[in-house]
1. Checking the condition free of Cβ contacts under 8 Å to residues at least 40 places away in the same chain, of a type in the set (S, T, N, Q) and near ligand 1 (Cβ under 10 Å from one of its atoms), which residue from Thr35, Thr73 passes?
2. Which ones in region 28-37 are closer than 20 Å to Val151 by Cβ and open to solvent by 20 Å² or more (accessible area, probe 1.4 Å)?
3. Got a sec? Which of Arg22, Arg6 is without any contact (Cβ under 8 Å) to a residue 24 or more places away in the chain, more than 10 Å from ligand 1 (Cβ to nearest atom) and not in a helix (DSSP H, G or I)?
4. What residue, among those in region 38-70 that are more than 10 Å from ligand 1 (Cβ to nearest atom) and assigned to a strand (DSSP E or B), is least open to solvent (accessible area, probe 1.4 Å)?
5. Working carefully through the options Ala115, Ala119, Ala155, find the one that is surrounded by fewer than 18 Cβ atoms within 10 Å (Cβ to Cβ) and hydrophobic (A, V, I, L, M, F, W, C).
6. Grab the helices (runs of 4 or more DSSP H) fully contained in region 171-290, keeping just those with 3 or more residues being closer than 30 Å to Cys132 by Cα and open to solvent by 10 Å² or more (accessible area, probe 1.4 Å).
7. Looking at (1) more than 30 Å from Gly206 (Cβ to Cβ); (2) in contact with a Leu (Cβ under 6 Å, 6 or more places away or on another chain), which one does Ala154 not meet, given that it meets all the others?
8. Is there any pair linking a residue in region 221-237 that is within 19 Å of Glu187 (Cβ to Cβ) to one that is hydroxyl-bearing (Ser, Thr, Tyr) and at pLDDT below 95, with Cβ under 6 Å and at least six apart or on different chains, and which?
Amino acid sequence: PGKRTRKPPWLKVRAPGGTNYRDVAALMRQHKLHTVCEEARCPNIGECWENRTATFMLLGDVCTRACRFCAVTKGRPQTLDWEEPFRVAEAVKTLGLRHAVVTSVNRDDLPDGGAIIFALTIREIRKAQPGCGIEVLVPDFEGNPEAVRTVVEAAPDIYNHNIETVPRLYPRVRPKAKYRQSLQTLEWAKAWGPSGMLTKSGLMVGLGETIEEVIQVMADLRDSGVDIVTIGQYLRPSNWHLPIKRYVRPEEFAELKRIGLEMGFKHVESGPLVRSSYHAHEQSAAAVCR
Ligand code: SF4
Ligand code: SF4
């Protein structure tokens, strides 16, 4: 552990830098927007931005939590920016998106965890770009049912909350979160959201979990009514972050996908470079069409 190992060939990515990539980067600067693509140093940024796909990050770029797998800056967050929902909607329109993914840092300093900003953003995107699929990737809101309700009442197409890892590894990977609480928020969203709204979750592998534990998490997600699951390789953003225990092979990801579909998920996106928002548009289309 801690030793630098060479990445396996299946983790090779496209280097950022095409015309579309530069357009997206300029637009984000111009609208003073944050993206998880940049803040989390996502390996897919070259491909996604070239395809004019990005994941917006609401509520600033400083997080009140300090998960040991995540590259987002930790600390005391900024004051709320009520103009942000409008700027995101404007950017969605300018980019001509057909599927927008909106996430946020965790804001445990706010009574509703920022749920109202999610709701406003959903409504503004609907107005600015009708027909665009809207996916929100939300925090656990510390298990606050009212926050979950606020978000689903704004009727996103997909309510996504990542379970991230297996329960045994929570104390090390997600110390401020609770496994059952995360499942509970997904159940609430399903029960209270509009009919037709899909729920989604995701986890990382390569942190020391066993395949059996991953399968158990998938079963728990199914029991909570989750429709779509994403599974990807954990990559260490820096030496402060948890070490990679192992590189999961593409065949194992394929096997997890097969198992997930058998369990009844509408869609399973499972592969080394899969992130919650990777190919998000194709994921939702596949889930709706099944
Ligand atoms: Fe951004 Fe998601 Fe693509 Fe990563 S996978 S670059 S976070 S849209
Ligand atoms: Fe990163 Fe989310 Fe954890 Fe904050 S709560 S450190 S943004 S994973």
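1. It is Thr35.
2. His34, Val36
3. Answer to the selection: Arg6.
4. Going through the qualifying residues, I end up with Leu58.
5. None of the others qualify; the one that does is Ala155.
6. 179-192, 250-263, 280-289
7. Among (1) more than 30 Å from Gly206 (Cβ to Cβ); (2) in contact with a Leu (Cβ under 6 Å, 6 or more places away or on another chain), Ala154 violates only (2).
8. Here the result reads Thr230/Ser276, each pair linking region 221-237 to a residue that is hydroxyl-bearing (Ser, Thr, Tyr) and at pLDDT below 95.
The values are calculated or read from the model by the stated rules, or taken from the named source; none is laboratory data. This is a predicted model, so every value here is computed, not measured. Neighbour counts run over all protein chains shown; Cβ positions are idealised from the backbone, glycine included. For accessibility, only protein heavy atoms count, side chains too; no ligands or nucleic acids. Shrake-Rupley method; radii C 1.70, N 1.55, O 1.52, S 1.80 Å.
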